[in-house]
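Comments concern the structure below.
The values are calculated or read from the model by the stated rules, or taken from the named source; none is laboratory data. Owing to the predicted nature of the structure, the values given are computational and were not obtained by experimental measurement. All Cβ positions, even for glycine, are placed from backbone atoms using ideal geometry, and neighbour counts span all protein chains on display.
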Amino acid sequence: MRNPLDSAALTAALENVHRAGIPGLFAEVRAGDEIWRGAAGVADVVTGRPVTADLRHRVGSVTKTFTSAAVLQQVEQGQLGLDTPIGHYLSRLVPGDRGATITVRMLINHTSGLAEYLPYAYPTLKAFPDMANTWPQSLDDHRFTRFNAEELIELGVAAPATGAPGGTPGVYSNTNYLLLGALLEQVTGIAAEKYITRNVIERAGLRDTSFPDGAHVDGPHSRLYESWFGMIDPPRDFSVYDMSFVGPAAALISTVTDLNRFFGLLLAGEIVGKESLAQMQRTVPVISQEGKTIEYGLGLHPLEAADGSVFWGHGGTVWGGGALAMTRADGERQLAVAVNLQRWNRFGPSGKPLPHPIDDALAAFHRVAMCG
């Protein structure tokens, strides 16, 4: 199934997202050998500097696919077992019955029952923005805070479980992926970020993808504007931020071109083998951070396009930024898009986020990109 790229329609749809309220966004869409790149809006609301399609960008939880692929490489080499309890490798971090019951697979697909550590980082460590009462100063106070992953893992492990190990629906939790980072370090002898860089990023030939070294994004990039559901008005720039609080779960920096290249190679069986890819595409129901039930595999989730075709990929958010990268199952159509505003929906009287024109505009762009 091949629909040629309609450059005019893609450009118009991207501009509509900017007009709906995103300061700036940029994307790359591929259909076979055709490639379209586009950008709309500004990278800096003060200077008016325009966004361009080659900017580097914090891609948030898209990082999880890279980490999952690295773990599966170790499975292929016989160094790890997908269904081996995590306590076999990291008994100090996940002790007792849970360490003997939670498997590596359960960490990757979020069915471990381990809670998210982020809500506990402020009251326990006093070292993270207060998630319940976020205000601009709270975010500013922790721009340069360096976190120890083991401390964060301990918070997630000590928190009340979200469910029984292996039970569904699972609950999305960054604790799982910090543990996978610790697991990679345990079995490879080097930091997870270094292993992922050598064996996933460099293996895929990604020239503009890296883990950050400090709080800044190296190279050309956009400022990132955080609204926090309208509580920060006007949205403020949080592009300078130490991402050690998420590490191998969500700290990666990349470009839309690199993301499309990575997911294209992954779905072609060139990052992990075909059997591992099949494992990645075995899904279970998981409750996302937005409270929606989604199908989730091993660092991948499917998305059915309007024409019925199935795409695989991942999305991610950081303070002020977001990204989505999806590749059709046959590899013949791809979308990667990045935005420089986050949490634009204000809360309504019920406490739930209200619809915003950005939501419909983004969905329309996704439809044009994925279906033609």
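Restricting attention to the range 24-46, the residues that are within 17 Å of VAL339 (Cβ to Cβ) and surrounded by fewer than 22 Cβ atoms within 10 Å (Cβ to Cβ) add up to 4.
To keep it simple, each residue is scored yes or no on (1) under 30 Å from VAL157 (Cβ atoms); (2) in a strand (DSSP E or B).
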residue	(1), (2)
GLU15	no, no
ALA27	no, yes
ARG37	no, yes
VAL46	no, no
SER68	yes, no
VAL71	yes, no
GLN74	yes, no
ARG92	yes, no
ALA100	yes, no
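Pairing residues of the range 276-289 that are touching a residue at least 24 places away in the same chain (Cβ under 8 Å) and over 16 Å from LEU303 (Cβ atoms) with residues that are assigned to a helix (DSSP H, G or I) and β-branched (Val, Ile, Thr), at Cβ distances under 7 Å and at least 6 apart in sequence or on separate chains, gives SER276/VAL75.
Under the condition of being outside any strand (DSSP E or B) and of a type in the set (S, T, N, Q), which residue from the range 187-214 is surrounded by the fewest Cβ atoms within 10 Å (Cβ to Cβ)? The extreme case among them is ASN199.
When the test is whether a residue is hydrophobic (A, V, I, L, M, F, W, C), modelled with pLDDT of 95 or more, buried (at least 23 other Cβ atoms within 10 Å of the Cβ) and not in a strand (DSSP E or B), LEU298 passes it.
Residues checked against (1) more than 30 Å from SER138 (Cβ to Cβ); (2) surrounded by fewer than 22 Cβ atoms within 10 Å (Cβ to Cβ):
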position: HIS216; (1), (2): no, yes
position: ASP237; (1), (2): no, yes
position: LEU266; (1), (2): yes, no
position: GLY273; (1), (2): yes, yes
position: ARG282; (1), (2): yes, yes
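Only one entry in THR209, THR175 is under 27 Å from PRO119 (Cβ atoms) and out of contact with any Lys or Arg (no Cβ under 6 Å at 6 or more places or on another chain), namely THR175. Here GLY21, GLY48, GLY32, GLY38 are screened, and the one residue that is over 28 Å from VAL187 (Cβ atoms), in contact with a strand residue (DSSP E or B) (Cβ under 9 Å, 6 or more places away or on another chain) and free of Cβ contacts under 8 Å to residues at least 12 places away in the same chain is GLY48.
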